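Report on one structure; see the data block that follows.
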Amino acid sequence: MGVVNVTPDSFSDGGVHFRAEDAIASARRMVADGAAIVDVGGESTRPGSEAVGVDEELRRVLPVLEAVGNELPVSIDTAKAEVARRALELGAELVNDVTALRGDPDLGAVVADAGAYLCLMHMQGEPRTMQVDPRYDDVAAEVASFLEQRIAFAVAAGVREDRICVDPGIGFGKTTEHNLELLARLDEIVALGRPVLVGASRKRFLGRVLGDDEALTGPVTASVAASLVAYERGASLFRVHDVAPHVRALGAARVAA
Ligand code: HH2
């Protein structure tokens, strides 16, 4: 899954795709590079970010979806029912909701009515404050239990269970140690029986793993390493900014496994 953030402020590529024509060109290039789907988003969820309104989010993503929604496999990264509804009309097939249907009471019905795929992600707290002091007694068990409950919630809202994938939410209300423990115990998320998506790409804990305590982003080499670890532990979807090196490395890992 290639990341196309149509935002001025995303943590690692803020502004790169803010102009629709740049986002469209990147989406096409990512698919040419081997991405199975591109994830178009108009709201940053980086630590400390402020929410954007529905009109602004639509203004950002609609031109991109109008151009590539029916041309490429597209996912919409949103927590808003109205944004998801418009994106699905324009050809998107998956709704990637970092709030796991806790953000907008109407989103479940929109996904269900469209028969779309849905990604449910774990997040502790909300983006503005989530990295202030994240705490867990047992991070993997708590994330797995949360995702199990959100699958049940989505199914109760009418979403077909076989359309749902789950995501431990790397970096969303988690310390470096929490992120590493989630990757190490990913089998506990895989045991939920749904495909697991992992989005470690460029996240700052990868810079810290390499010894840079001040890092704001992680390098592509560490991003690929994290995806390979996740693949080895059973993940099947990888949300990444740098598609080509991930496609090559994951392709090689599949052959080598
Ligand atoms: N991470 C980000 C955004 N959306 N969705 C899922 N399912 N999983 C993730 O790990 C995930 C996500 C954050 O990364 P990015 O989109 O690059 O940054 P920003 O939120 O600042 O736009």
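Counting only DSSP H runs of at least 4 residues, each contributing -39500 (n - 2.57), and dividing by the residue count of the chain, the helix-based mean residue ellipticity at 222 nm comes to -13000 deg cm²/dmol.
Counting only DSSP beta bridges whose two residues both lie in the chain, roughly 0 percent are antiparallel.
The slack between ALA256 and GLU214, meaning 0.36 nm per residue of separation minus the straight C-alpha distance, is 11.6 nm.
Kirkwood-type hydrodynamic radius, the chain: 18.1 Å, calculated from all non-identical alpha-carbon pairs.
Taking label positions 7 Å along the Cα-Cβ direction at both ALA244 and THR176, the computed distance is 3.0 nm, reported to one decimal.
Short-range pairs are left out: with C-alpha atoms under 8 Å and at least six residues apart, the relative contact order of the stretch 35-113 is 29 percent. Under 5 Å between amide hydrogens, built in the peptide plane, is the criterion, and for PHE11 it picks out ARG46 among residues at least 5 positions away or on other chains. Stretched out straight at 0.36 nm per residue, the stretch from GLU232 to ALA36 would grow longer than its current Cα-Cα span by 68.7 nm.
Shown for the stretch 110-257 is the translational diffusion coefficient from the Stokes-Einstein equation, using the Kirkwood radius over Cα pairs, a temperature of 37 °C and a viscosity of 0.692 mPa s: 206 µm²/s. 3J(HN,Hα) along the stretch 149-159, derived from phi through the Karplus expression 6.51 cos²θ - 1.76 cosθ + 1.60 where θ = phi - 60°, amounts to 5, 6, 4, 4, 4, 5, 5, 5, 7, x, 7 Hz, with x in place of Gly and Pro.
With the convex hull drawn around the C-alpha atoms of the stretch 107-157, the volume per residue stands at 83 Å³. Mean-square fluctuations from a GNM of the chain, with a 10 angstrom spring cutoff on Cα atoms, peak among LEU197, LEU90, LEU210 at LEU210. Computed on the Cα trace of the stretch 53-142, the radius of gyration divided by the Kirkwood hydrodynamic radius gives Rg/Rh = 1.04.
The numbers here are math on the coordinates, done by the rules we state, and not lab data. Quick caveat: nothing in here was measured; it's all calculated off a predicted structure. A quick note on method: Cβ atoms are made from the backbone with ideal geometry, for glycine too, and the neighbour counts reach across all protein chains shown.
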